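Participant: Mind having a look at this structure? Questions to follow.
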Amino acid sequence: MYPSKRFDDRLARFIGIPVLAFMIPVVFFHANLDNGFMAFLPKWIMAIVHIGIYWEGVRFIYFQTRKRFPYVSQTSRRILWLLFLSISFIISASFLLHMIEDTLRIFPESNAGVFTFRKHAVSVTILVLCLPYYESSYYFAQLQEALLDAEQLKKEQVQSQLEMLKSQVNPHFLFNSLNTLVSLIPDEPDLAVDFVRKLSKVYRYILEIRDFHTVPLQKELLALKAYHFLLQIRFGESLNVKIDIPDRYLTDHILPLSLQMLIENAVKHNILSVHKPLWIEVFISNGRVIVRNNLQRKNQQTDSTGLGLQNIQNRYQLLGNQPVDVIVTTQSFSVSLPLLGQSAYVKPPMITKDIPQP
């Protein structure tokens, strides 16, 4: 199991272990091919055993240590544990292997002290080679993954904006908005002015957040209230929206247009009438924003791409593997959105998700 879906060291192990095993007897023990390859083969095989065990052991310790201390804030503890465990393993494995090696006398040497030093030098060399390799390889794999995720997040953001603009600029929306405005102008000119201002505020918000992955909940709610005003003028008593968000949550972040998109979906897919009004609640539960409506589906299917909710789920996934819960009962339809705190993604160039990094 690899720590990153884009990190694979199988080729490096397949090539690196035999190559290092071939070089170790030559560099450290003055072995050569003067007596033929068959005379050199036992030394090469024993070196492969040595290096293979050291490499695989250090590799296992590295991944387990990184799994235990994956975050930037844990770097010091991770490195200390990594060095302690790796050195302990190298000493133990070296002692056992050298006992076997001395018994078989695969590397006869007249100067035992120098020979022992060289054997320990081999152990240290493998440790010095393995740890920087995995640290640098893992770092670049994670960097590539973060950059690709950021690029995908920007695509999701653009798609979200296009979805909302399409739903609001389509002929039905403009026709309904203009019809509502025309009906207001003769009898309620002041309300008509407010209607135009709220409509302008909705579009301005869409333009303002085009470079942001998340926005403060307070800002999202201000735009949502303007959008609610437009719907309320249009549907009157057929639509009831209740927003109950405590002030302490207003600085937390949320996906832009997510609440507006969920309310727009509820209006699109449910019956609204004076006798069967649509009730929509926006509230906090267990640190999450809940958008819930009573379920009264339209008999006739409406035109829909089905991408709105999926888009929200994809963007939350990219922002930190946060689940978006959808709960459907016979009476209600609810969507639960995680709050992202005050240090979430803000603009595309910023990558602040606390992913495992060196």
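The values are calculated or read from the model by the stated rules, or taken from the named source; none is laboratory data. Predicted model only: the values in this text are computed from it and were never measured. Reconstructed Cβ throughout: ideal geometry from the backbone, glycine too, with neighbour counts over all protein chains shown. With ligands, DNA and RNA removed, areas are computed over all heavy atoms of the protein, side chains included. Shrake-Rupley method; radii C 1.70, N 1.55, O 1.52, S 1.80 Å.
Participant: So residue 70 ticks every box in (1) closer than 14 Å to residue 9 by Cβ; (2) at pLDDT 75 or above but one. Which box is left unticked?
Facilitator: (1)
Participant: Residue check, residue 251 against (1) in contact with a strand residue (DSSP E or B) (Cβ under 9 Å, 6 or more places away or on another chain); (2) farther than 20 Å from residue 323 by Cβ; (3) surrounded by fewer than 20 Cβ atoms within 10 Å (Cβ to Cβ); (4) at pLDDT below 90, all met but one. Which one?
Facilitator: So the condition that residue 251 fails would be (4).
Participant: Now for a separate question. Which condition number does residue 123 fail, the rest of (1) buried (at least 16 other Cβ atoms within 10 Å of the Cβ); (2) modelled with pLDDT of 70 or more; (3) farther than 22 Å from residue 219 by Cα being met?
Facilitator: It fails just one condition, (2).
Participant: Which of the residues belonging to the range 230-253 are touching a Leu at 6+ places or on another chain (Cβ under 9 Å), part of a helix (DSSP H, G or I) and in contact (Cβ under 8 Å) with a residue 24 or more places away in the chain?
Facilitator: First, the residues of the range 230-253 that are touching a Leu at 6+ places or on another chain (Cβ under 9 Å): 230-233, 235, 238-241, 243, 245, 249-253.
Then keep just the ones that are part of a helix (DSSP H, G or I); that gives 230-233, 235, 238, 249.
230, 231, 233, 235, 238, 249 - these are the residues of the range 230-253 that are touching a Leu at 6+ places or on another chain (Cβ under 9 Å), part of a helix (DSSP H, G or I) and in contact (Cβ under 8 Å) with a residue 24 or more places away in the chain.
Participant: Restricting the search to the range 255-268, which residues are of a type outside the set (D, E, K, R) and more than 11 Å from residue 291 (Cβ to Cβ)?
Facilitator: Correct list: 255, 256, 257, 267.
Participant: Among what's in the range 232-248 and is of a type in the set (A, V, I, L, M, F, W, C) and within 30 Å of residue 341 (Cβ to Cβ), pick the residue that is surrounded by the most Cβ atoms within 10 Å (Cβ to Cβ).
Facilitator: My answer is 241.
Participant: What residue, among those in the range 57-72 that are touching a residue at least 60 places away in the same chain (Cβ under 8 Å) and part of a helix (DSSP H, G or I), is surrounded by the most Cβ atoms within 10 Å (Cβ to Cβ)?
Facilitator: Here the answer is 58.
Participant: Starting from the range 81-100, take each residue that is open to solvent by 100 Å² or more (accessible area, probe 1.4 Å) and list its partners that are modelled with pLDDT of 80 or more and part of a helix (DSSP H, G or I), counting only C-beta distances under 7 angstrom and pairs at least six apart or across chains.
Facilitator: 81/65
Participant: Then there's this: Which of the residues spanning the range 179-190 are surrounded by 11 or more Cβ atoms within 10 Å (Cβ to Cβ) and at pLDDT below 85? First the steps, then the outcome.
Facilitator: Going residue by residue through the range 179-190, those that are surrounded by 11 or more Cβ atoms within 10 Å (Cβ to Cβ) are 179-181, 183-185, 188.
Passing the criteria: 179, 180, 181, 183, 184, 188.
Participant: Counting only residues that are in a loop (DSSP other than H, G, I, E, B) and under 27 Å from residue 314 (Cα atoms), which one in the range 254-290 is most open to solvent (accessible area, probe 1.4 Å)?
Facilitator: The residue in question is 286.
Participant: Still on this structure, please answer the following. Suppose we keep only residues that are modelled with pLDDT of 65 or more, part of a loop (DSSP other than H, G, I, E, B) and open to solvent by 30 Å² or more (accessible area, probe 1.4 Å) within the range 1-35. Which one would you say is nearest to residue 67 (Cα to Cα)?
Facilitator: 8
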